[in-house]
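Since the structure comes first, as structure tokens, the remarks are kept for the end.
The values are calculated or read from the model by the stated rules, or taken from the named source; none is laboratory data. It should be emphasised that the depicted structure is a prediction, and the values quoted were computed from it without experimental measurement. Glycine gets a Cβ as well: all are built from the backbone with ideal geometry, and neighbour counts include every protein chain shown. Note: areas computed on protein heavy atoms with side chains; ligands, DNA, RNA excluded. Shrake-Rupley method; radii C 1.70, N 1.55, O 1.52, S 1.80 Å.
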Amino acid sequence: MQKKYILEMFPYPSGNIHMGHVRNYVIGDICARYHKLKGDEVIHPMGWDAFGLPAENAAIQFNTHPQDWTFSNIQNMKDQLKKLDLDLDWDRELATCKEDYYRYQQELFIDLYNAGLAYKKDALVNWDPEDQTVLANEQVIDGKGWRTGALVEQKVLSQWFFKITNYAEELLNDLDELTLWPDKVKTMQKNWIGKSIGAEIKFQIVGKDDQLNIFTTRPDTIYGATFIAISVNHNLVSKYLKEDEIEEIKKIFSNNIDDKEKQGILLDIKCLHPILEKEMPVYIANFVLDNYGEGAIFGCPAHDERDYEFAVKYSLPILKVIKCEDNELPFTQDGEVINSPLLNGLKKTEAIKKIIEYFEDKNIGKESINYKLRDWGVSRQRYWGCPIPVIYYEDGNYRVLDKSELPVLLPYDVNLNGKGNALLNHDSWRKIICPKTNKVAFRETDTLDTFVDSSWYYIRFLDNKLGKPFDTNKVNEYLPVDKYIGGIEHAILHLLYSRFFMKALRDIYKLNVNEPFKQLFTQGMITHKTYKTQNEEWVMPKDVIFTKGKLIRDKTKELIQEGPSEKMSKSKKNVVEPDEILESYGISATRFFMISDSPPDRELEWTDEGIQSSKNLVRRIEKYFTIDKTSLKEDTEKIIEKFIYNIEKNILNFSLNKCVADIYTLFNYLEKEKVFLYDSEISKKILVCLYPIVPKMCLNISKELFKSVEIGNWPSINTDLLLETNINLPIQVKGKLVTTIKTKKGYIEEDILKSIYEIDKIKNKILDRKVLKVINVQDKIINIITT
RNA sequence: GCGCCAGUGGCGGAAUGGUAGACGCGCUGGUCUUAGGAACCAGUGGGCAACCGUGGGGGUUCGAGUCCCUCCUGGCGCACCA
């Protein structure tokens, strides 16, 4: 028996499932049900990504508790999912906010720490001064906190990090292994990791003992360097400037209206050019990133657009070192090196190679590889997350707990007021006596980023009740996940973190799994037309009616304007509710429509006509099977074999829209040719093929026809019948289609040509011309080439 | 700006380099009626025709929607990444 692990991204329990979930889970369910019918051992679990900010905010807003709110949402959403007829392994269910999940995550944290993959350091974070908490980047809108509207500050805090950068190279290289991932996602990850090959060069500061390291991908332009620029957060800055001076500069930079406008503050130090030994000015510049490379650059204005702009603004010399016309400056392409004694005449690649050799020789630089990828900051100053198993002593030292000291449970009795971290204010939870030292200690009050929770849930599903995080043998046997289905919005974060986790756990536990997800399928979002009143008020589709050639709001009779189809969103109110759709159209029509109108990886526009025609299809099939007679045509069996073959192929390719087309084609044939199957074996075969898509409808029909709810196994195909013997053979003259002839497969070319030349259309085409050549692609096409 | 993806009827979309437009929606005409969110039948790329048609222009090929070059348009992602 072949194992198939089919997984859809688990939902955040926000309260209700939405149409996007429905599409996601129906696609996965079709896949899982197909494999079960094929006799595969299918794992198809579901769980809850249950920690996170919305629970805390809801708790404050509705005066409830995050845990109660979350559990009640889970219950509600589980009920909703059950109405979708999903064949899920509910006995594998997990919720990341429950002790029996997060306590094992705390074990993994300890493992990572012991492996040197978790560490603590000071870092710049977004700080909301009113809420007294760190905000994620996506919670900062126009520099302001999304909840408070307060101006967000950059603040240095001591934070926990996971050393994902250790795996940068492997995360990049192994993308090539992921042949069943969309290229788009792989490209996004590649860009995010952002590998650059270049050089690290040391610049001496004149008259001081200090050196400045600089990363560059263009060491070949070193002779054109005319200035140095460093980030305001560079550690050299704090050495030469006072705190208040630095603050002043930061203020100047942040007051910049156009943040692309380059600004520089000249420092009172000079740098020595490593080859020419001339003195160069050093600027603090707003465009130098402090978190990339060394936070410092050498400016080569002639061959870099940003440096050029800066040099022009501050009247710095522009030295050409790549051959080009003056009006081409800044010239950033490859070219012949000039004005560079060591490199003249060389092209970029050779010049880079040679100059690096020179630097290494002189011990002032070396080849260097740089990544955009930063280590993953996992600390969150929030209550509703997995506690980090660390304690702090009064002397400032900390200790990561032993596994035997776990779990660190979240206290239930917290005071949530939106001001800061409730754990920090919970003294009786925070303060403990360390059992090892008998000293007073304080628990870590930061919790883990919820992306940590989702980085290994697919492993926990394999054995959700085990007394340790996972069983090594099971992981080796059942991972990677064969098909992982979800939205493209997780292209970087979740999918990159999970890949990192898998690799880290592989190394710690000696697993033989490299990648968590063998195949990734990203389903498209669901869109809907938007509606609003003259007063720019959004109106839900169900409140809009069409009468007398006009769209009006049902209740108020206001005139409605129709806008373009956009992603369903609560803010624009262009949503339909799954519960209401199921009520009106039934589960089978809903499942059909989820895959009908466009390929699953593209957007699906929700339309009344679309869902209605799905319902009509259901009714049509059901009606067909009530016709109580059987009569076959000669080609019926062949058509059925072809149908099975196509459905199977299209399910495996995720071409589910084509499955629907196959179904229409089949029933068009059956009805038009008056082929009736009723309770025949062929009906059984058809029902098995429809079952993954519309299980409920098939069971109902099966009950009627066969008095059975056993749907059986996926039918095997008689491939002999698939080979059409009668074919329509296209005949071309000079590559253009002239006619088609009916013939049999395996015809003899010479024989058939004789009859072709007798056809009037062909005769007329050839007439007084000479036949140069006849191309016969056996059983496919014949092309007659004439003069 | 860089990267990726995509441009096919009125619309959604089909086409291992081999009959472009499967299938659906919509539309047109008709049938029936136990008036339904029906059902059924016929038709539906353009043109009177020969023919012309897959964003524009070139190329490879006996043959291109499909492969190559180039340009245009749209979507998504990243965005001062040195």
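Seen against the Cα atoms of chain A and their longest principal axis, helix A:53-62 is set at about 90 degrees. With the Cα gyration tensor of region A:34-79 giving a ≥ b ≥ c as the square roots of its eigenvalues, does the rule (a/c under 1.5 for rounded; else a/b larger than b/c for prolate; else oblate) give rounded, prolate or oblate? It comes out prolate by the Cα gyration axes.
Accessible surface area normalised per residue over region A:170-286 is 50 Å², counting heavy atoms of protein chains with a 1.4 Å rolling probe.
Average 1/r across all pairs of distinct alpha carbons in region A:1-134, invert it, and you get the Kirkwood radius: 17.6 Å. For A:Ser631, the solvent-accessible surface with a 1.4 Å probe is about 50 Å², rounded to the nearest 10. In terms of distances greater than 23 angstrom between alpha carbons, the cross-link table entries A:Lys633/A:Lys707; A:Lys270/A:Lys353; A:Lys313/A:Lys372; A:Lys120/A:Lys195; A:Lys36/A:Lys703; A:Lys82/A:Lys573 yield A:Lys633/A:Lys707; A:Lys270/A:Lys353; A:Lys313/A:Lys372; A:Lys120/A:Lys195; A:Lys82/A:Lys573.
Considering only DSSP beta bridges whose two residues both sit in region A:433-574, what percent are antiparallel, to the nearest 5?
Bridges in region A:433-574 are about 75 percent antiparallel.
In the context of the full protein assembly, A:Ile269 retains an accessible surface of approximately 10 Å², using a probe radius of 1.4 Å and ignoring ligands and nucleic acids.
Cα centroid separation, region A:65-95 to region A:619-637: 40 Å. Evaluated with a Cβ-only charge set (Lys, Arg +1; Asp, Glu -1), region A:395-464 carries a dipole of roughly 240 debye about its Cα centre, given to the nearest 20. Computed with a 1.4 Å probe on the full set of protein chains, the accessible area for A:Glu489 sits at about 130 Å².
The Cβ shell under 9 Å around A:Ile297 holds other residues with a net charge of -2, Lys and Arg each +1, Asp and Glu each -1. Projecting the Cα atoms of A:Phe298, A:Ile545, A:Ile711 onto the charge dipole of chain A (Cβ charges, centred on the Cα centre) puts A:Ile711 farthest toward the positive pole. Of all DSSP beta bridges confined to region A:666-787, the antiparallel ones make up roughly 80%.
If only the Cβ of Lys and Arg carry +1 and only the Cβ of Asp and Glu carry -1, the dipole of chain A around its Cα centre is close to 2180 debye. Taking a ≥ b ≥ c as the square roots of the eigenvalues of the alpha-carbon gyration tensor, chain A is classed oblate because a/c is 1.5 or more while a/b is no larger than b/c.
With 32 Å as the limit, the listed pairs A:Lys251/A:Lys320; A:Lys529/A:Lys642; A:Lys239/A:Lys347; A:Lys431/A:Lys468; A:Lys250/A:Lys362; A:Lys186/A:Lys323 have A:Lys251/A:Lys320; A:Lys529/A:Lys642; A:Lys239/A:Lys347; A:Lys250/A:Lys362; A:Lys186/A:Lys323 beyond it between alpha carbons. Couplings 3J(HN,Hα) for region A:259-268, derived from phi with the Karplus relation 6.51 cos²θ - 1.76 cosθ + 1.60 (θ = phi - 60°), are 6, 8, 5, 7, 9, x, 10, 6, 8, 8 Hz, where x marks Gly and Pro. Only one residue of A:Tyr167, A:Gln132, A:Cys271 has its Cα farthest out toward the positive end of the dipole of chain A, where Lys and Arg carry +1 and Asp and Glu -1 on Cβ, and that residue is A:Tyr167.
What does the charge dipole of region A:216-293 about its Cα centre add up to, to the nearest 20 debye, if the Cβ of each Lys and Arg holds +1 and the Cβ of each Asp and Glu holds -1? Walk me through the numbers on the way to the answer.
Numbers: 9 positive and 13 negative charges, 43 e Å.
In debye, rounded to 20, region A:216-293 gives about 200.
Summing Lys, Arg as +1 and Asp, Glu as -1, what charge do residues with Cβ under 11 Å from the Cβ of A:Val475 carry, A:Val475 excluded?
Details: positive: A:Arg460, A:Lys474, A:Arg506, A:Lys510; negative: A:Asp463, A:Asp471, A:Glu477.
Surrounding charge for A:Val475 is +1.
Measure off, as a whole percent, the carbon and sulfur share of the 1.4 Å-probe accessible area of region A:397-479, all protein chains present. So the carbon and sulfur contribution to the accessible surface is 48 percent. Among the listed pairs A:Lys542/A:Lys623; A:Lys684/A:Lys780; A:Lys532/A:Lys555; A:Lys38/A:Lys685, a Cα-Cα separation exceeding 22 Å is found for A:Lys542/A:Lys623; A:Lys684/A:Lys780. Centre-to-centre separation between the Cα atoms of region A:307-367 and those of region A:689-761: 65 Å.
Looking at region A:404-466, which chymotrypsin sites (Phe, Trp or Tyr not before Pro) are in a loop (DSSP not H, G, I, E or B) and have at most 10 other Cβ atoms within 10 Å? Please report the intermediate quantities before stating the final value.
Values: sites: A:Tyr412, A:Trp429, A:Phe442, A:Phe451, A:Trp456, A:Tyr457, A:Tyr458, A:Phe461; in loops: A:Tyr412, A:Trp456.
The qualifying sites are A:Tyr412.
Residues whose amide H lies under 5 Å from that of A:Gln159, counting only those 5 or more places away or on a different chain, are A:Lys121, A:Asp122, A:Ala123; hydrogens are built 1.01 Å from N in the peptide plane.
Less than 5 angstrom separates the built amide H of A:Glu8 from those of A:Ile485, all sequence-distant by 5 or more or on a different chain.
Which of rounded, prolate or oblate describes region A:244-354 when judged by the alpha-carbon gyration tensor and an a/c cut-off of 1.5? Present the calculation step by step, with values, prior to reporting the outcome.
Numbers: a/c = 2.26, a/b = 1.80, b/c = 1.26.
Prolate shape, in that a/c is at least 1.5 and a/b is the bigger ratio.
Against chain A, whose longest principal axis is taken from its Cα atoms, helix A:183-193 shows a tilt of about 10°. Ranking A:Met280, A:Trp429, A:Met594 by how far each Cα lies toward the positive end of the dipole of chain A (charges on Cβ) leaves A:Met594 at the top. For region A:380-423, report the % of Cα-Cα distances exceeding 18 Å. That tail contains 40 percent of the Cα-Cα pairs.
Can you check what the net charge comes to around A:Thr607, using other residues whose Cβ is under 13 Å from the Cβ of A:Thr607 (Lys, Arg +1; Asp, Glu -1)? Mind dumping the intermediate values first?
Details: positive: A:Lys529, A:Lys615; negative: A:Glu562, A:Asp597, A:Glu603, A:Glu605, A:Asp608, A:Glu609.
Around A:Thr607, the surrounding residues sum to -4.
Of the residues A:His528, A:His490, ranked by 1.4 Å probe accessible area with the largest first, the sequence reads A:His490, A:His528. A convex hull fitted around the alpha carbon atoms of region A:359-505 yields 241 Å³ per residue. In sequence order, region A:448-463 has phi-based couplings of 7, 3, 5, 5, 5, 4, 7, 7, 9, 5, 5, 7, 4, 4, 5, 7 Hz under the Karplus curve 6.51 cos²θ - 1.76 cosθ + 1.60, θ = phi - 60°, and Gly or Pro positions carry x. Against the main long axis of the alpha-carbon atoms of chain A, helix A:348-362 sits at an angle near 40°.
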